[in-house]
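The values are calculated or read from the model by the stated rules, or taken from the named source; none is laboratory data. Predicted, not measured: the structure shown is a model, and the values here were computed from it. Cβ sites come from the backbone with ideal geometry, for glycine too, and all protein chains shown count toward neighbours.
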Amino acid sequence: MMWARVVVAAALTAAGLALAAEPGHVQVKCEPGVRILLDGDFQGAGTADLGGVVIENVAAGRHTIRAVKEGFEPQDHTVDVVPKKVAVWEARSFVPKTKIKESGGQGDKSVGSRQVGTIIIQSLPIECTVDIPSAGVQNYSKTKDEMTVSDVPAGEHKAVFKGAKELIATLRVEPNVVTRVMANFAKGEVTAKVEKPEAPVGQADYTQKNNPAAELSLDLGNKVTMKFVLIPAGRFTMGSPDSEKDHQPYEGPQHEVTIGKAFYMGVYEVTQEQYEAVIGSNPSRFKGASNPVERVSWDDAVAFCKKLSAKTGKTVRLPTEAEWEYACRAGSKTRFCFGDDDSDLGGYAWYRSNSDAKTHPAGAKKPNAFGLYDMHGNVWEWCSDWYADSYANANTRDPAGPSSGSNRVLRGGRWCDDPRVCRSADRDGFGPSDRGDSVGFRVVLDSQ
Ligand SMILES: [Ca+2]
């Protein structure tokens with residue numbers, strides 16, 4: 001009896017909210033018999049005449065859809081419902097559970113992960129029809145710059161691009177790898193290249209994007225510019241598990257975090273040339289125009305942001321700690337953005353073993369999957385948050401740290417650090433007026 005009452009109360013609450021916010025609707029395209037759940041509640045099974053399931057009067061906002069087919073891996077999709085509009089999602093081809101294998105060869109980091117990769121499609125001209133039946137894409141009208149098809153089973157997929165002519169290609173998809181495809185109708189050819197590692201989690205199953213731009217450059221004056229790359233909204237696991245080598249208690253508890261809005265992040269640490277163009281002085285110990293600025297306090301970094309905001313009319317700010325880790329990981333769950341091995345760190349970072357006890361020009365090592373350089377090593381980077389030695393009380397959506405504290409967060413490790421400190425999850429804090437020759441920063445811009 002109690003149970004029934006609780007359910008009724010919950011239903012009334014949901015209806016009340018929906019009325020207040022003007023509901024929208026959700027259409028799920030799927031084969032007959034596929035069961036559809038919305039936020040965990042069963043909504044119905046796909047029928048042949050509807051071509052799927054229609055869910056009416058869904059409260060505006062973000063919801064999770066799950067498509068379930070017996071004997072196959074379920075599919076989850078995040079949908080943003082807009083008042084009075086129909087949000088459409090088409091379930092992809094289901095991957096049989098029997099085909100799920102453990103991945104080998106890379107240690108145990110990807111055990112249990114699915115053998116899937118991502119295809120990113122661009123075309124010239126932009127508009128064409130894309131058909132990759134084995135990846136669940138059927139006669140899809142591409143209307144924007146870039147189309148992303150994620151969770152594509154590894155293997156070969158026949159793709160047909162229809163525009164002024166028909167281009168046919170066989171696309172090879174590897175696990176946890178992005179295959180970037182260009183269908184060029186002018187040249188009559190399809191080219192493909194692979195990028196590692198996998199794009200970040202939390203994106204739609206296939207999405208199109210053209211705005212905002214993927215890259216952006218700010219003019220700092222005196223012919224000095226600052227380059228940014230768009231970091232998409234998404235979800236990630238913040239912190240490190242107890243099992244991670246070199247894990248520290250203050251890197252836990254590991255928790256899911258949603259980054260609700262895309263943002264632009266500086267491709268490089270702020271350089272001395274950039275700092276000087278905005279502030280008019282260079283406090284660094286290791287002089288070099290394209291070396292990162294150091295001996296800047298958190299207060300100095302915030303002052304830089306304010307001044308650059310005023311100069312450009314954009315909102316320039318320090319990243320939150322969550323934004324920083326999300327951007328650093330770029331979809332990875334390993335100790336570093338590239339994997340787990342200390343021995344690979346030298347390819348991506350200046351740290352104790354290779355730095356010769358100094359900073360180096362920003363961008364000389366390999367970038368991560370978002371195109372960000374020196375997230376590991378070179379200089380430590382200020383984040384906007386106050387430091388807390390646990391995530392126990394952290395928000396899970398766009399966390400911005402505790403409301404007060406005595407130290408501000410530093411991330412990514414330094415030229416003088418061992419690999420442990422350069423890990424994606426490691427963290428530390430200094431007082432807001434502290435300065436050091438291993439401490440710098442990079443900035444972010446809101447995308448709107
Ligand atoms: Ca750094």
A careful count of residues in the range 34-70 that are within 30 Å of the chain's Cα centre (by Cα) and either part of a loop (DSSP other than H, G, I, E, B) or within 23 Å of Thr258 (Cα to Cα) (or both) gives 17
Against the definition (in a strand (DSSP E or B), acidic (Asp, Glu) and in the same structural domain as Gly371 (by TED's automatic domain parsing)), how does Glu256 come out, yes or no? yes
Using the structure shown, decide if Val278 is in contact with a Gly (Cβ under 7 Å, 6 or more places away or on another chain), in the same structural domain as Ser309 (by TED's automatic domain parsing) and either at pLDDT 95 or above or under 20 Å from Val229 (Cα atoms) (or both). no
Looking only at residues that are hydrophobic (A, V, I, L, M, F, W, C) and within 13 Å of the ligand (Cβ to nearest atom) in the range 361-380, which one is surrounded by the fewest Cβ atoms within 10 Å (Cβ to Cβ)? Ala364
Can you name the residue in the range 396-430 that is more than 16 Å from the ligand (Cβ to nearest atom), part of a loop (DSSP other than H, G, I, E, B) and in contact (Cβ under 8 Å) with a residue 40 or more places away in the chain and, of all such residues, is nearest to the chain's Cα centre (by Cα)? Asp398
Here is a list of conditions, (1) within 22 Å of Val152 (Cβ to Cβ); (2) of a type outside the set (A, V, I, L, M, F, W, C); (3) more than 24 Å from the chain's Cα centre (by Cα), and Gln75 meets all of them except one; can you say which number that is? (3)
State whether the residues of the range 433-447 include one that is surrounded by fewer than 21 Cβ atoms within 10 Å (Cβ to Cβ), assigned to a strand (DSSP E or B) and modelled with pLDDT under 95. yes
Give the range 264-308 a look and list any residue that's among the basic types (Lys, Arg) and in a loop (DSSP other than H, G, I, E, B), or say none. Arg285, Lys287, Arg295
Among the residues that make up the range 21-30, is at least one of them among the hydrophobic types (A, V, I, L, M, F, W, C) and modelled with pLDDT of 90 or more? yes
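Every residue, every condition in (1) in contact with a Leu (Cβ under 7 Å, 6 or more places away or on another chain); (2) away from the ligand (no atom under 15 Å from the Cβ); (3) within 14 Å of Ser424 (Cβ to Cβ), yes or no:
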residue: Tyr326; (1), (2), (3): no, yes, yes
residue: Gly339; (1), (2), (3): no, yes, yes
residue: Tyr348; (1), (2), (3): no, no, yes
residue: Tyr351; (1), (2), (3): yes, no, yes
residue: Thr359; (1), (2), (3): no, no, no
residue: Trp382; (1), (2), (3): yes, no, no
Given the criterion out of contact with any helix residue (DSSP H, G or I) (no Cβ under 7 Å at 6 or more places or on another chain), modelled with pLDDT of 90 or more and assigned by TED's automatic domain parsing to the domain that holds Arg329, identify the matching residue among Val190, Val229. Val229
Quick one: would you say Ala310 is without any contact (Cβ under 8 Å) to a residue 40 or more places away in the chain and either in the same structural domain as Ser438 (by TED's automatic domain parsing) or surrounded by 19 or more Cβ atoms within 10 Å (Cβ to Cβ) (or both)? yes
Looking at this structure, is Tyr391 assigned to a loop (DSSP other than H, G, I, E, B), of a type outside the set (A, V, I, L, M, F, W, C) and within 23 Å of Ser243 (Cβ to Cβ)? yes
Just to verify a result, which residue in the range 228-272, among those that are surrounded by fewer than 17 Cβ atoms within 10 Å (Cβ to Cβ) and of a type in the set (Lys, Arg), is farthest from the chain's Cα centre (by Cα)? Lys245
